[in-house]
1. Which whole-angstrom value gives the distance between the alpha carbon centres of region A:128-189 and region A:374-453?
2. Within 10 Å of each Cβ of A:9-21, how many other protein chain Cβ atoms are there on average?
3. In peptide A:56-68, what is the residue-averaged number of other protein chain Cβ atoms found within 10 Å of each Cβ?
4. Among A:569-581, A:65-77, how do they line up from the highest to the lowest mean number of other beta-carbon atoms within 10 Å?
5. Could you sort the peptides A:232-241, A:758-767 by per-residue average Cβ neighbour count (10 Å cutoff), highest mean leading?
6. At 7 Å along the Cα-to-beta-carbon direction for both residue A:217 and residue A:788, put a label point, then send me their distance in nm to one decimal.
7. Within 10 Å, count the other beta carbons around each residue, average over each peptide in A:210-222, A:126-138, and list them highest first.
8. I'd like the mean, over residues of B:53-60, of how many other protein chain beta carbons sit within 10 Å of each residue's own Cβ.
């Protein structure tokens, strides 16, 4: 016998596990037990199989893997005795789920057990089948289960009925087979069979309309009678719960009647009396009674209209809402949510109570009530509701603030009667819970502000005030910063003063102060800081007097550790210093943002930003407006790593302009997103302009024309290095870019004058490695050839300790520079380069020749490859 | 319905759990969540709730109904259109049956006899639906099956006794 398995009983193991003080100890105990069980399994130990399985179940429930025990379940199920089968089936239900193929193997045992002479074994098999059956098993075993629906023992009939629910859920086309036996179960007297029969009928009705029709025709009256009998039945101790006979059966019957009455006036009529009786006579001081009332109200609300009953139901709900028990209030709210579809007015009457529930101390109730409020609000009552909700927002729990903020924002947006009210409410939400406001929401707010041109002044002043009061809420800061940047002049000059406003005096430097606060505030994140930087940049043209100070602040960010800010500040600085002529055009106020685009995007009818930018062809001729206006999100999204800004025609020109001008910056940005180095820089910088290109193109053209003037000299002075990089980096480079490049033809030619070009050769190639040579010569020194050797790995393995050696005949002199790396990445995913200098003393008479040897390590094997190169171009 | 039960321990929040396999559970399995993780997460949510609050929580799109008995929590994960109040009643029904079976049940009874608790649950619920509304019937069925096991054990031991005596 196995030395381990003899010892521990299940009880001992559980005790040992419970005694563990730490998780590590517990793991050790479990490991030891698992090892013992595995050993027992390997020895095919019969005696302790059921004990081992019980242990495995316990271990499984603690969350350890127990797959190795699955076959043991099958063995136990296949054995003859009841105790083995009992634990085997339990193991099957716990350790397996229907996805596992082991289940296929169990079908046969199940079939045998369903036909077993011992009814308890039949019960075990039915239970297992009901809990874990897969579609195939359901199909195979359905006839047996169907037969068992008529079994003599009621306990088997009820199990078979519930098992059938699983079967028809898995294989709906078997519904027909079960319809008639199910109907006959409804005539049973045994409560267990009756309750399962009712559930089976409910299941059938949900799966098939044919079955629903059948039961409606044939069973409605019978069910009503059953419900009446049970509701009127005298006290029976076996089924009594809190003075009510079998509330479970009540509830299941009401559930089925609901399905039968829905959409059918006759059936609904048939059940009116009994529903009225249940609704009015059921005791509501205990949970069981309330459960029945709750179900009854649901049924009344779902069946065809009957005025009197509905009033009764709404009154019950009213009682539920004012109940002290939280559970009852919870289901009351739940029910009102369903009732609002049919009886909106009646629900509106409970408005005040529902609002009270939003302020409840129970999170579950709060959540329900808030959802209900959301459904209750319409154009006529949005103002008082919003007022209440915003007031509550101030005192609500942190965890709840997110939910409530989202709901308020959505309500305000959906139902706001006028823009000024919308803006006011949003400002309140932002200053109260700005940190919980989602990005889309404040983006939308900005669009609305931008569209309400008569409220610009009012909004910017209100935001300025709110900002002065608190800078804690990030999204408030962002919206304020954006508005001050755009409408700073209105803030200072009190433009568009409304009657309701209190006048404030803000000087230009106050406005700049505000933005400086935002940019320097320790809580501001990158997006906020970037927005603040842009706002400052914009203010530089609005407030010429402050422009020196603004320049200073922008300049300070040159040392920012955040790449984005550093880059922007360098760019802005450049523009401030060098391009006074274009600055005011560049920093014009944003054109009105397109509301329909925003809405369309929200509905998902427009492609998202990413796809817009990829669909638009990049080679639009200059000055042609981009057809689709880019959604606002892009423009505001200064983090922009994830959303490449749309490429528009005006961007192209600007791209060229700045790509040359700001080559260090573009190189920098190129490291983070190589494909569109140039485009990004400029488009971001001018993201404002790209938004609605139809409006900006004229100004963009201005810039381009002024840019053209500068182009040539600039390019000549410092463009050389960056240009090839740009060409390589931006496949999107446009016609304008190409024009620009034409100017450099002479330079390219000049390169060629350096000497005749030699074709590069594949000097060596094996199955695992390729080496190519590129040749060049210095003008005036034909004897010396510079060779650039490039090694590429053709195998899937990385090469380490890569070493290239070469030998040449005596008439040659060879100089080898160190290689660029000693590691060669796999599958051509990079290369090593190495420079060679060969001096041919017999130039013109003999051509080059070379022997090479390449050594490297791969998978810890030393590899040596050797070869001879004869295919050098002649005359080298 | 996923049925589970756990208790407030000191360092182990969750000592014990039962579950009942149905659609909801399969959905959970699709999320690749281990059962233990489900219990741990859910346990955190439920244990953090105060005593007078309602017995329902929303968790990952499911409704969870829980009920506390001394240091034991029983909870059930139900569908959106199930009757929450009835589920509370079912939990109570189960606890009463356990109480009758074990004789004022406690946490340790359930831990050391977890399989028996499962057998009882299997007589009460099947495929996530209510199977029997009479406590007496459940008790009778369990007793009958237990006695079957006892008989089998006695037979086995008497046979092994006979063999032992015969081989002496």
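The numbers here are math on the coordinates, done by the rules we state, and not lab data. The model shown is predicted, which means the values in this text are computed figures rather than measured ones. Heads up, the Cβs are rebuilt from the backbone with ideal geometry, glycines too, and the neighbour counts pull from every protein chain shown.
1. Here the answer is 53 Å between Cα centres.
2. 2
3. 3
4. A:65-77, A:569-581
5. Packing order, densest peptide first, comes out as A:758-767, A:232-241.
6. 8.6
7. Taking the mean over residues of other Cβ atoms within 10 Å, the ranking is A:126-138, A:210-222.
8. Per residue, the average neighbour count from other chains is 6.
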